[in-house]
Each structure stands twice: as structure tokens, then as C-alpha cells.
Amino acid sequence: MNRCLGLFIVFLAIGLTQCSNKKTPADLIIKGGTIYTVEPGTPTVEAVAVKGDTIVYAGDLAGLSKYQGEQTKVIDLAGKTMTPGFIEGHGHFMGLGYNELNLDLMNITSYEEMVQKVKEAVAKAQPGQWIVGRGWHQDKWTKKPEKLIKGFQTHQLLSEVSPNNPVFLRHASGHAGFANAKAMQLAGVNQLSVEKLGKNLGEGGEILRDELGNPTGLFNERAQSLITQYIPTNTAETDEQALELAIAASLRNGITSFHDAGVSRENIELFRKFKAAGKLHTRLYVMLTGFDSELLYEWFKKGPEIDSDNLLTIRAIKLNCDGALGSRGAWLLEPYSDRPDFSGMATLSMDTVLKISRQGLKYGFQICSHAIGDRANKEILDRYEVAFSENPDKAINHRYRIEHAQHLHPNDIPRFAKMGVIPAMQAIHLSSDRPWAIDRLGEKRIKEGAYMWQSLLKSGAVLVNGTDVPVEPINPIASFFASVTRQTLQGEPASGYEPDEKMTRLQALRSYTLDAAYGAFEENKKGSIKAGKLADFVIFNKDLMTVPDAEILTTEVVMTILGGKILYQKN
């Protein structure tokens, strides 16, 4: 009897050993380079194995043999570097696509260059056809116009080259727009016109006028609606084209997930159409636009939509609460240094912010409020705090966000971590804005409260990075560079602006991966390389974590993998 039992145990052990050694072939194996996991315990691994759209192994080469099968595809990194797929923490997906369809003014260096681009577009357009574009920023021009009104150019040169075609060109920030005489004529805006910014357009708008009361062509914040209501709406064909361009641009730049900040019902239907057709090749985390109250209440009734396919999740709301520094619309506690009669403006009632904050807790939606100025940030934190204190049970793990959090009063910096509010910041804004932002805020306010990344991180806040595309190009490498150097893209100043606020390279990588996933409640699905997570990766030709600062901007994306599939490969 004992002999039989002994034999049984031996055979059982042999069987278990054979089972443990049994191969479970992967669909994809990646090895041969440095693989950064963004996992605290194992910061790097030698190899990764993928089955379907999921990581099944991340470890050393010795443990890889059981995943190698006859049909397994193997990618040899050949010394290149792989990280988790990058997550754009705040952008505008359709805006990214349309920026490639319309006039792209992001890189112009003067008003005359803008006028020339419009002149060329007019030559190709039909009479009366609208010319639209986006991306100009007067403070980035190397040559200033001869005539400026409150820091902005006037429309005369633009109107001369386009007398019969209405023109509207959005500021890079999206918080202002520039119109020619034909556009203003169609909109009925003239010296005697009444600015109907109250009842019809809501609070928070301004038409800039010259000393005689004539409109200069600059429409700030919600005053833009006076013009944009006359621009023909996009067609279904151009919407699809823009979405295809946005997806392609994301993949080229190593972006596998995208937090879309302010989406309409039409956008959602288009995203669903692309998903059903198998064409939605970027994972979207959608914030419903707060401009459409009917849309919000429809979603409050049915609740968040968390996609089991991990492609299209709708569980957040975007509120636009102030303007931008560039257009002097950011809402400040004290007046602008270069416009002492003005402190910016709220573009949404704080009563509305409190109301939506309460409803977000009630119905399970994350609230993401745009705030750039220190007063806007303070007022929103105050409203969030009231909502949380009224409903502490619902406020557990709320992950409410402030989008941009660009300029903070020092007293408000520790409140983010204390309240669990996420600052969703865009490091690239420092590279673009810091050289002129000091004119807006003055040295004291800049040093104590602007672009306070390290102070927020040290206080315990989770920081989400991004670009605010199309305000800035979607390129995450540029934003990574800004995060760790606090320099302009020209490498100035040598030590960086306010260098104590630089991120470490690991902090910068986390802000674009695991912490960005946390900002969308998705840290258990993505953002790091770990068995059980989605197989979203980006491969670079250089090691972002070790190359000299000066080489970061020459680093290129060579491959983007989404759900285990290669969707972009550099030729």
C-alpha cells in the first residue's frame, strides 16, 4: 500500500513538472534593448511577451523560453529603448486633425507671414469661401507689427489681402480669434454695434477696439462666437478625414492613449463609428464638453460608459473656467503686469462649477476644470472642497482634475495633494510661454507660482502631462524635454527657468504613462509594463532616460504598438 502511494506521488510530481514546463506560446516577444517598465519594483526588464492585446510576461531572458513558439513574432530592439505607450493627458483630438486640414499658423514668426499664408489660401479659394486656421501667437513672433492695440495686431493688412473672403484665425491657445473686415461685416460687428455678450453668449468675452471705437479684429474668449456662428459647420466627410489624421499623428508620436478635453455628441458618434469599423487606433478617454448642458444631463441620467474594449471610455466632464495668459484672459488675483487695468475673466459662473461638481459626485463623473490664472485655480479648488465636504462618501477616490494649473497662488499648491485633486499640466507650455509670461505676471508671481511641477510632486500630488494639442504640437518628446530642462526648445536658458521646479526623468516618464493612466482611473490597465496590462508600447531610437539633455529633442519614435499590434513603424 505504501509502495503504491509512493509511486503515485512520484508520477504526480512528474506530471506537475511537465505541466509547469509546458509551453504557452506568445503572439509577440520583444527583447534586445532597454525596456523601462515604470514599475517601482522592477524599473527595467530584458524581455516582454504578449498574448492577444495583453502582456503575459515581463522579466529576464531566462524566463522567456516557455513563451517562444513556432508562430511567435519576435522584435529585436537591437539596442533601442522601449517604454509604455505614451498617454496624451490633455488635448483636443478633432482639433489635432483639423489643424492638419486648415491653415496651420503654429510656426509663423510675424504678422506679415500670417497675411501671406492667408493671401495664398485666398488664391485657391472660391469667392466668399471662409478661410480658417489656428496656431498664431503674437508673443512668439520675432518681428512685431508696427501698430498694436493692447498687445495685438489690427486687421487692416489681413483685410487688404482678403476683401471678399471672410477670415477667422484662432489664437494658438484657442481663447482668442482674429477676423478680417469681411468676417466682421457678415457678423454685424462695427463701430456702432452692441456687444451682446451677456444674455446670448454668456459672461467672459471682449472685442478689442482702437481709440476711435473701431473693432481691431481681435475677439477674446466667448466674444469669438459673434464670428464663429457664421462659419459653415464641418461636413461628415471632413470630420472623418480629420479623425483619421488625428489617429495617424498620435501613432507617429508614440501616443497610444489620449485624454480628449471637451467633446461634443457629434464627436462621440463619430468615435463610435470608427470603433465599430475597427479604425479607432488610439484609446480615447473622453471629457464631455461643459458648454452643452443638455449633453451633460443626458449622461447624468445614464451614467459613465467604461469600455470593456479599452478604446472609448466616457466618464469625465470638461468645464472651461477662464482664459489663457497669451490673450490675457487667464483670471488673476491681481491685475496683469503689462495691463494694470485688467485681471482676466471667468468664462463660467463659479456657481455652475459648484453645481456640476456636486452632480459629478452624485452620478459618478470626474470633473476636469480648465484653470490657468491663480484666481481661477483658487476659486475652483474652493468649489471642489465644498462639494467634497458635503458628500464625503462619494468623494472617496473622486480624482477631480484641474486642467493646466499653470499659475497658482503659493497657498494653493499644497491643496491639490490634500484634496486629491490632479493637476493636469502641459510642460511644453513653459518652453513656449515662459519667455513672455513674465511680462504678464512679473518676476515674483512667476517664481512663486508658475509651472510649479516639483513643488506639486513633493507635496504628494499626481501630475498628468501632455501638450494641449493643437495649442502645441502633439510631440511628447518636446514636452519630456521641457519637463526635465525647463528650457525653450532652443535650449535657453542654460540652467532652465526656475530650475528647482524641474522634474526628474523618471517623474517625467511617469507623468506621461502611469500617472496619466491614474488621471483616467486606468492605472490597473495601462501606463506600465507588467503582466496583465495592455500591450501598448513605444520604441525610441535613443534612450530618453540617459542621453544628454541636448540629445532629447533628436530622439525619434521608431515604432508604436497598440494592443500587441504594430500600428506605426518609421521607414
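FYI, it's all coordinate maths here, none of it is from the lab. These numbers were taken from a predicted model, which means no experiment stands behind them. Here the Cβ positions follow ideal geometry from the backbone for every residue, glycine too, while neighbour counts run over all protein chains shown.
General observations
- In sequence order, calculated HN-Hα J values of the stretch 434-450 (Karplus, 6.51, -1.76, 1.60; Hz; x Gly/Pro): 4, x, 10, 4, 5, 5, 6, 10, x, 5, 4, 5, 4, 6, 8, x, 9
- Computed lengthening from Thr554 to Lys355, 0.36 nm per intervening residue step minus Cα-Cα distance: 67.0 nm
- Radius of gyration and maximum dimension Dmax of the stretch 97-228, Cα, Å: 13.9, 40
- Over 28 Å (Cα to Cα) - which of Lys273/Lys301; Lys66/Lys525; Lys144/Lys444; Lys140/Lys418; Lys378/Lys458 fall in this group: Lys140/Lys418
- Given R0 = 45 Å, the distance between the Cβ atoms of Glu160 and Ser264 translates into a calculated FRET efficiency of 0.80.
- Taking the number of Cβ atoms within 10 Å of each Cβ as an exposure proxy, the fewest-first ranking of Thr546, Thr54 is Thr546, Thr54.
- Pairwise Cα separations in the stretch 437-521 fall into 10 Å bins from 0 onward with the following percentages, short to long: 17, 47, 33, 3.
- Residues Cys321, Cys368, sorted so that the one with the fewest Cβ neighbours within 10 Å comes first: Cys368, Cys321
- The alpha carbons of the chain occupy a box of 110, 55, 50 Å along the principal axes, longest dimension given first.
- Amide H partners (placed H, <5 Å) of Gly563, local residues excluded: Ala535, Asp536, Phe537
- With the highest mean first, a sort of the peptides 79-85, 147-153 on other beta-carbon atoms found within 10 angstrom per residue produces 79-85, 147-153.
- Computed over the chain, relative contact order equals 17 percent, with contacts defined as Cα pairs under 8 Å that lie 6+ residues apart.
- The stretch 353-411 and the stretch 440-507 have Cα centres lying 23 Å from one another.
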